[in-house]
1. Which one of A128, A50, A248 has the biggest mean-square fluctuation once the chain is modelled by GNM with Cα springs under 10 Å?
2. At what distance in nm do the modelled label points of Q219 and I132 sit from each other, each positioned 7 Å from its Cα along Cα→Cβ?
3. Checking the cross-link filter: which lysines have an alpha carbon closer than 28 Å to that of K224, excluding same-chain neighbours under 8 positions apart?
4. Starting from the amide H of L179, placed 1.01 Å from N in the peptide plane, find each other amide H under 5 Å away whose residue is 5 or more places distant or on another chain.
5. Please report the carbon-and-sulfur percent of the accessible area for segment 198-249; probe 1.4 Å, protein heavy atoms only, DNA, RNA and ligands left out.
6. Taking a ≥ b ≥ c as the square roots of the Cα gyration tensor eigenvalues, with a/c under 1.5 meaning rounded and otherwise prolate when a/b beats b/c, else oblate, which class fits segment 163-260?
7. What is the percent carbon and sulfur in the accessible area of segment 95-193, measuring with a 1.4 Å probe over the protein chains and ignoring ligands?
8. At 0.36 nm per residue, and after removing the present C-alpha to C-alpha distance, how many nm does the segment from A181 to Y151 gain when stretched out fully?
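The values are calculated or read from the model by the stated rules, or taken from the named source; none is laboratory data. Quick caveat, the model's predicted, so the values are computed rather than measured. In this analysis, Cβ positions are derived from the backbone assuming ideal geometry, glycine residues included, and neighbour counts consider all displayed protein chains. To get the accessible areas, we keep the full protein, side chains included, count just its heavy atoms, and leave off ligands, DNA and RNA. Shrake-Rupley method; radii C 1.70, N 1.55, O 1.52, S 1.80 Å.
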Amino acid sequence: MSDPIRTRRDGGVLEVVLDRPKANAIDLATSRALGLIFRDFRDDPELRVAIVSGAGEKFFCAGWDLKAAASGDAVDGDYGVGGFGGLQELRDLNKPVIAAVNGICCGGGLEIALSTDLIIAAEHASFALPEIRSGTVADAASIKLPKRIPYHIAMDMLLTGRWLDVHEAHRWGFVNEILPADRVMERAWELARLLESGPPLVYAAIKEIVREAEGSTFQTAMNKVTKRQFATVDRLYSSEDQLEGARAFAEKRSPIWKGQ
């Protein structure tokens with residue numbers, strides 16, 4: 001049996017491709033493996049950006065593997081260090097992650113996409129949370145989706161399980177770009193290279209601030225920034241990169257980011 005996850009590392013970019021025909025669904029073992037991959041990405045100082053996608057042209061990811069569940073995988077089993085799919089509960093992931101959605105993105109697959117920072121989608125991509133039809137709850141999506149798109153649209157998806165085509169998903173704001181299918185990975189890599197060339201300490205600060213601010217008031221979060229109570233902000237403000245950014249601007253040249 002082939003490996004259900006393919007990875008490729010090129011410079012500071014890690015590409016992660018889920019390859020579990022026919023629907024790229026995720027069982028417990030695959031979820032745990034994804035968690036280890038994304039944990040190692042998080043902890044590797046040489047890696048700056050990750051791309052996650054699905055193999056084939058039909059499915060990004062259909063979410064939870066119901067066949068595996070029928071064979072004994074518990075829905076509340078051990079998903080691994082990052083929770084389901086390796087991303088949505090991985091602590092302190094302060095690096096950009098891009099989803100390259102190449103087809104059907106539903107259930108837990110949509111929850112994985114919602115755990116990334118940018119979503120690039122093919123023209124034939126579609127999105128849904130069909131858990132309601134099988135008598136279960138899209139738990140992570142119930143928490144995240146109403147914060148990403150208008151409340152009533154999120155509730156429509158959660159309560160009815162209806163499908164959104166890529167253009168509606170783009171209209172509601174959880175897809176960044178729509179591209180021909182043969183351009184999706186190319187564009188994901190273009191964005192990854194752009195981010196790879198940027199300031200990693202600033203990215204880390206942005207991600208921690210945004211993540212922590214979701215559960216607090218504006219002033220509380222702002223006070224933590226100004227008082228350097230976020231670890232990433234404190235590191236940034238004491239870094240060589242902070243000085244390099246100012247020097248490069250004054251000298252009208254491109255900065256050289258070291259991540260330190």
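1. A248
2. 3.9
3. Candidates past the 8-residue exclusion: K95, K144, K147, K207, K258.
4. Counting only residues 5 or more places away or on other chains, the set is A121, A122, E123.
5. Numbers: 1890 of 3160 Å².
Roughly 60 percent, rounded to a whole number.
6. On the way: a/c = 3.13, a/b = 1.35, b/c = 2.32.
It comes out oblate by the Cα gyration axes.
7. Working: 2370 of 4120 Å².
Here it works out to 58 percent.
8. Numbers: separation 30, 0.36 × 30 = 10.80 nm, distance 2.97 nm.
So the chain would gain 7.8 nm between A181 and Y151.
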